[in-house]
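First the structure, in the form of structure tokens, and then the observations on it.
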Amino acid sequence: VAAQFATGQLAGRHVVITAGPTREAIDPVRYLSNHSSGKMGYALAEAAVEAGARVTLISGPTGLPTPERVTRIDVTSALEMLEASLAQAPQCDLFIGAAAVADYRPADYQPQKMKKGDEDTLQIALTKNPDIIAAVAQIENRPITIGFAAESEQLLEYARGKRERKGLDAIIANDISREGLGFNSDDNAVTLIDAERELALGPMSKTRLARALIAELSRYTR
Ligand code: CTP
Ligand code: CA
């Protein structure tokens, strides 16, 4: 009922957001992952609800509470996140890939717990995971598709390249080398890059930044 009366920049629109890290299983007790907290994606989900959208959050393991009025789909691995994303993408207007998807997964999952060997070193072969946001950008009647670019150097150059390679409407460039900002922190500063312009936002709290980003993204139309 609330959605019927919702007013705001995203009223009547369905927004899907991926968030958090993925975990890539090595064996039943071990995995590869990263330090993503999921906070930016969750803050975007909250801001999209505030703007009147129906919001689906596809979340890796974060331990964060589900924001009010958000439908959450829990996933663990990149392959699970891809499947959930391709199921949701055709039914949404705006898709935001905020997840820190593991670029690789162990090539061979070991169904039994691995035993320590006699050697002092161990090599684990990895296989590249599919690119989720690029796959979403390629579906028929695709939603407005927005990615993030986490970079520790050459922020804007790398981010522009990623936007073009992945076929995204815009990319949110995130400088992870800045102390106390971005990855795993409560504050962030980003540059929103689309085909026409580059807009610097922040540093500010992820909550305020999410509102500013949603205000900008709600102006894109297909
Ligand atoms: N992404 C994705 N699927 C992957 C890897 C990344 O959907 N397998 C998405 C992220 O959610 C983000 C964007 O792609 O929206 C950029 O992620 P990033 O890690 O910055 O870029 P990569 O393309 O993985 O390149 P690299 O890590 O080498 O910089
Ligand atoms: Ca990556």
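What single numbered condition from (1) within 30 Å of G12 (Cβ to Cβ); (2) within 16 Å of ligand 1 (Cβ to nearest atom) fails to hold for R54?
Only one criterion is unmet by R54, namely (2).
Only one of these is more than 16 Å from ligand 2 (Cβ to nearest atom), within 30 Å of I214 (Cα to Cα) and not polar (S, T, N, Q): D118, D93, D131, D108. Name it.
Details: D118 fails: within 30 Å of I214 (Cα to Cα); D131 fails: more than 16 Å from ligand 2 (Cβ to nearest atom); D108 fails: within 30 Å of I214 (Cα to Cα).
Result: D93 is the single residue among D118, D93, D131, D108 that is more than 16 Å from ligand 2 (Cβ to nearest atom), within 30 Å of I214 (Cα to Cα) and not polar (S, T, N, Q).
Every residue in region 202-222 that is part of a helix (DSSP H, G or I), in contact (Cβ under 8 Å) with a residue 24 or more places away in the chain and touching a helix residue (DSSP H, G or I) at 6+ places or on another chain (Cβ under 9 Å), please. Walk me through how you get there before you give the answer.
If we filter region 202-222 for residues that are part of a helix (DSSP H, G or I), which is where we start, we get 206-217.
Among the residues that remain, those that are also in contact (Cβ under 8 Å) with a residue 24 or more places away in the chain are: 206-207, 209-211, 213-217.
Hits for region 202-222 are K206, T207, L209, A210, R211, L213, I214, A215, L217.
Which one is farthest from ligand 2 (Cβ to nearest atom), of the residues in region 141-155 that are among the small types (G, A, S) and either assigned to a helix (DSSP H, G or I) or more than 9 Å from L168 (Cβ to Cβ) (or both)?
S152
Answer with yes or no whether A19 is buried (at least 23 other Cβ atoms within 10 Å of the Cβ) and within 16 Å of ligand 2 (Cβ to nearest atom). Give the steps one after another, and end with the answer.
Values: buried (at least 23 other Cβ atoms within 10 Å of the Cβ): yes; within 16 Å of ligand 2 (Cβ to nearest atom): yes.
Considered against the rule, which asks whether it is buried (at least 23 other Cβ atoms within 10 Å of the Cβ) and within 16 Å of ligand 2 (Cβ to nearest atom), A19 comes out as yes.
Among R222, R211, R197, which is the only one that is surrounded by fewer than 16 Cβ atoms within 10 Å (Cβ to Cβ) and either at pLDDT 95 or above or β-branched (V, I, T) (or both)? Give the steps one after another, and end with the answer.
Numbers: R222 fails: either at pLDDT 95 or above or β-branched (V, I, T) (or both); R211 fails: surrounded by fewer than 16 Cβ atoms within 10 Å (Cβ to Cβ).
Residue meeting the stated conditions: R197.
For region 80-93, enumerate the residues that are surrounded by fewer than 16 Cβ atoms within 10 Å (Cβ to Cβ) and touching a strand residue (DSSP E or B) at 6+ places or on another chain (Cβ under 8 Å).
Q91
Working only within region 50-79, note down all residues that are β-branched (V, I, T) and in contact with a helix residue (DSSP H, G or I) (Cβ under 9 Å, 6 or more places away or on another chain). Walk me through it before giving the result.
Initially, region 50-79 is screened for residues β-branched (V, I, T), giving 55-56, 58, 62, 66, 70-71, 73, 75-76.
Matches in region 50-79: V55, T56, I58, T62, T66, V70, I73, V75.
Go through region 61-140 and tell me which strands (runs of 3 or more DSSP E), entirely inside it, have 3 or more residues that are without any contact (Cβ under 8 Å) to a residue 24 or more places away in the chain. Before the answer, list the steps.
Numbers: elements: 70-74, 94-97, 104-106, 126-128.
Correct list: 70-74.
Before we move on, is Q110 within 16 Å of ligand 1 (Cβ to nearest atom) and not basic (K, R)? Walk me through how you get there before you give the answer.
Details: within 16 Å of ligand 1 (Cβ to nearest atom): no; not basic (K, R): yes.
In short, no.
If I filter region 24-51 down to residues being away from ligand 2 (no atom under 15 Å from the Cβ) and part of a loop (DSSP other than H, G, I, E, B), which single residue comes out as modelled with the lowest pLDDT?
Residue satisfying both the conditions and the ranking: S37.
Select from region 169-183 the residues that are within 21 Å of G38 (Cα to Cα) and surrounded by 15 or more Cβ atoms within 10 Å (Cβ to Cβ) and list them in ascending order.
Keep residues of region 169-183 that are within 21 Å of G38 (Cα to Cα), which gives 170-183.
Selection gives A170, I171, I172, A173, N174, D175, I176, R178, L181, G182, F183.
Which number in (1) surrounded by fewer than 16 Cβ atoms within 10 Å (Cβ to Cβ); (2) within 16 Å of the chain's Cα centre (by Cα) marks the one condition that T145 misses?
Just one mismatch for T145, condition (1).
Let me confirm something: among D169, D186, which residue is touching a residue at least 40 places away in the same chain (Cβ under 8 Å), within 13 Å of ligand 1 (Cβ to nearest atom) and among the acidic types (D, E)? It would help to see each step written out before you state the result.
On the way: D186 fails: within 13 Å of ligand 1 (Cβ to nearest atom).
Result of the check over D169, D186: D169.
The values are calculated or read from the model by the stated rules, or taken from the named source; none is laboratory data. As the structure is a computational prediction, the values presented were derived from the model and not from experiment. Note that we place each Cβ from the backbone using ideal geometry, even for glycine, and neighbour counts take in every protein chain shown.
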